[in-house]
Every structure is written in C-alpha cells, then in structure tokens.
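Just below is one structure, and these are the notes that go with it.
The values are calculated or read from the model by the stated rules, or taken from the named source; none is laboratory data. Worth saying up front: this structure is predicted, and the values here are computed from it rather than measured. With ideal geometry, Cβ positions are generated from the backbone for all residues, glycine too; neighbour counts draw on all protein chains shown. Remember, those area values only see protein heavy atoms, side chains included, never the ligands or the DNA or RNA. Shrake-Rupley method; radii C 1.70, N 1.55, O 1.52, S 1.80 Å.
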Amino acid sequence: MTTDAIWITEAEVVELMDLGEAIAALETALREEARGEARNMTKTLLQYGKNNLHAIGGKLGNLVGTKTWTHTQGGTCPLLLLWSAENGSLVAVIEAFALGNLRTGGISGVAADWMARKDARVMALIGTGKQALAQVGAMLAVRSVERLQIYSTRAESRQGFAVKAREEFGVETAVCASVFEACRGAQIVTLVTRAAQPFLAASMLEKGAHLNAVGAIAPDREEFAQDVFTRATLVAVDNLLGVQQLSREFMTQYAASGWDKVMPLSKLVASGRRRSGADDVSLFKAMGMGVSDLALGVELIKRARERGAGRAIPQPKKQKPRLTGTPAKSPV
C-alpha cells in the first residue's frame, strides 16, 4: 500500500535547505550521473510570443520527476513533481521558486569550485534579476570573494542590488557603468541576464578568469560573443543535450565542428579535472537540467519526512470516466 504524498511549500524549502547544502547535494548527484545512476530528460521548450513554457526532468535513485513552469510577462509558478520510479505513485509536490534559485546558484557554485582560480577574490556580476543574489551567494560559498563589481543596464537596478548584496553578505560592492568596467580585475564573471544579443567579448575577460553563463537558456537569447570560445581552455556544461538544442552561443560554435571540446560537468567532477596553471579562460554554461532539481528534491523530501514538514496529499484514486453525455430531459 502506498503512503500519502507530501506538498512542500516555499517556506518549508527555505527552512529545510541552504545554499551550501544545495551545492553539496548537487555535487553528489553529478557523481551519480557520471556513474550512470542518474539520468536527465531532454529539456523541452515552447515559445509563444515573449513567453516560454519549460519542462525538465530526470531520474535519481528511486525517484523520477519533472519541474515545469511558464515564464510570462506577468509572472511564473514553478512546481517540481516527484513519483516513485518503482510503482508510479506520487511522492511529492514541491513549490520551486526558492528551489530554482538554490539549484541555479548551486550548480554555478559546483562549477566554480572545480574551474575557478583558488585565489579568486573579485567577482563581476552582469545582471541583477531574480537569480542574481543566489549566484553571488554560490561564489561566496566556494571562494573567498572580497569584492563584487556589478553592472546591469538600469542604473537604479545596479545601485539597489549593491545595497542588497552588502546587507546579505557583507561584501564590498562597486557599481559599474559598463560590462568592461565590471569585468576589470575580476577572476570570476557571472552573466545572468535575458539579453537577446551578446554583450561580453573575450577582450573584457582577465587572463585566467572563470565565466559562468547562466542567463541565456533559450535560443532567442545570447550573452557572450563567439571569441570567448577562442580563449576558453576548459569548457563545461550542466547538460550537453540542452546546449546542443537550446543554446545559440554553443550551437553557433560547435554544431558544425563537433562537440569534443565540451565536457559535461558530471564528467569533469568525476574525472578530477580542475583548473591548471596552463588554463586561460574557463567557461561554464548552465541551461538547467532535471537531475539538478531532483538532487534538491530528493534531499528536501528526506529532510521533510525526518522533521515532520510538508502537508500530506492522499494518493489520487482512479475513477471511471463518463463516456456518454447526460441524457437530455424530456420536454413533457
């Protein structure tokens, strides 16, 4: 007999897991993926006007699941749904705003921990939207960042974000007037924008810089120019199929020449390949992948059950559908 599923709210997600714990869970899942013990569902995307419907999923351990959301001009509401891989019963529904921040920031944290210089002290952040604060937190979790250099297209946004970052992390902040100025002296550069055209050129990056490119997750977006690939001596992605199908930056560079130079992050972690003294720019591209969401979902379910969190949901019961219409009443 199957047990009740649980609904885990945003507030419970925040209570049950912090960013450092998310980074650890993600690295564990990546190692499982490298061993063939976790699998991703190819990300699907429907574009309608300026809006996008997304679905990603996968299998991790004895759970399968999918996270789905639509990104609209008026907002979004992401949910992670998890089922038993053995009998198909519903296991959990998790509200996924905070989970998404933890996953997106956390996977950048794993990548930077393996790919960025150990002595990185200056971070450039391009973009100050909903994912930006988690990106900063992830870098602070894996490197001793002392200074954050911020640029976004609107002056009030970068000023406001600088205040937020100082209050949240106690880090020194500098508000910059251009992408070039923000990147000057930065050992880590994170792009988290919705740009439709590339704005970062290779010449803006310091020697040995690490670049996290996490904003352009649909073919109508692009953040960095093709010459960045010329300098990149270490290139990793969260999910190879995702960039092959949905990243305009990567499709332009590799679709014709082949993908041999692009390494899944799971393979990089499993192989122990870290930045060497011979490396120049390292590049990590995140598109979002199901195993990342499942990594956090599995851990959240475990913690919720241990601490009595979450609201029980009875298992749905099959009902026979009505196959004929209701007979019309006689007019007499």
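Could you sort 137-147, 272-282 so that the peptide with the highest average Cβ count within 10 Å comes first and the rest follow in order? Intermediate results must be reported in sequence, preceding the final value.
Numbers: 137-147: 20.2, 272-282: 13.9.
Ranked from most to least packed, the peptides come out as 137-147, 272-282.
Please pull out the direction-averaged projected area of the chain, using the convex hull of its alpha-carbon atoms, in nm² to one decimal place. Walk me through the numbers before you get to the answer.
Values: hull surface 88.8 nm².
Mean orientational projected area (the chain, Cα hull): 22.2 nm².
Which value in nm describes the separation of the simple spin-label points at Ala278 and Asp4, placed 7 Å from the Cα toward the beta carbon?
Computed distance between label sites Ala278 and Asp4 equals 6.0 nm.
Beyond 22 Å, what share of the Cα-Cα pairs of the stretch 152-241 remains, rounded to the nearest whole percent? Intermediate results must be reported in sequence, preceding the final value.
Working: 1231 of 4005 pairs.
Considering the stretch 152-241, 31 percent of its Cα-Cα pairs are separated by more than 22 Å.
Over the Cα atoms of the stretch 96-195, what radius of gyration and what Dmax do you get, in Å?
Calculated on Cα positions, Rg and Dmax stand at 12.3, 35 Å.
Need one number: % antiparallel among DSSP beta bridges in the chain, to the nearest 5. Before the final figure, lay out each step's value.
Numbers: 33 of 66 bridges.
Antiparallel: roughly 50 percent of the beta bridges in the chain.
Can you tell me which of Thr72, Thr193, Thr128 moves the most in a GNM of the chain? Springs connect C-alpha atoms under 10 Å apart.
Thr72
By Kyte-Doolittle mean hydropathy of at least 0.5 and Cα axial length of at least 24 Å, which whole DSSP H helices of the chain are selected? Present the calculation step by step, with values, prior to reporting the outcome.
Details: long enough: 97-115 (27 Å, 0.57); 290-307 (25 Å, -0.09).
Answer set is 97-115.
At 1.4 Å probe radius, can you tell me the per residue accessible area of the chain in Å²?
Values: 15510 Å² over 332 residues.
On a per-residue basis, the chain sits at 47 Å².
Give me the extension gain from Lys207 to Thr42: residue separation times 0.36 nm, minus the current Cα-Cα distance, reported in nm with one decimal.
On the way: separation 165, 0.36 × 165 = 59.40 nm, distance 3.44 nm.
Difference between extended and current length: 56.0 nm.
Which of Lys59, Lys164, Lys43 moves the most in a Gaussian network model of the chain with Cα springs under 10 Å?
Judging by the Gaussian network model, the answer is Lys164.
Could you order the peptides 25-34, 314-323 from most to least packed, using the average number of other C-beta atoms within 10 Å per residue?
Ranking the peptides 25-34, 314-323 by packing returns 25-34, 314-323.
Once the piece of chain linking Glu156 and Lys118 is laid out straight, how much longer is it, given 0.36 nm per residue of separation minus the C-alpha distance between them? Walk me through the intermediate numbers first.
On the way: separation 38, 0.36 × 38 = 13.68 nm, distance 3.27 nm.
Contour length minus Cα-Cα distance gives 10.4 nm.
At 7 Å along Cα-to-Cβ for each site, give me the label-to-label distance between Ala85 and Leu53 in nm.
2.8 nm
Multiply the residue separation of Glu168 and Asp18 by 0.36 nm, subtract the distance between their alpha-carbon atoms, and state the gained length in nm to one decimal. Intermediate values should be presented prior to the final figure.
On the way: separation 150, 0.36 × 150 = 54.00 nm, distance 1.37 nm.
Contour length minus Cα-Cα distance gives 52.6 nm.
Please give the direction-averaged projected area of the C-alpha convex hull for the stretch 9-78, in square nanometres with one decimal. Spell out each step's value before the answer.
On the way: hull surface 24.1 nm².
Taking the Cα atoms of the stretch 9-78, their convex hull projects to 6.0 nm² on average.
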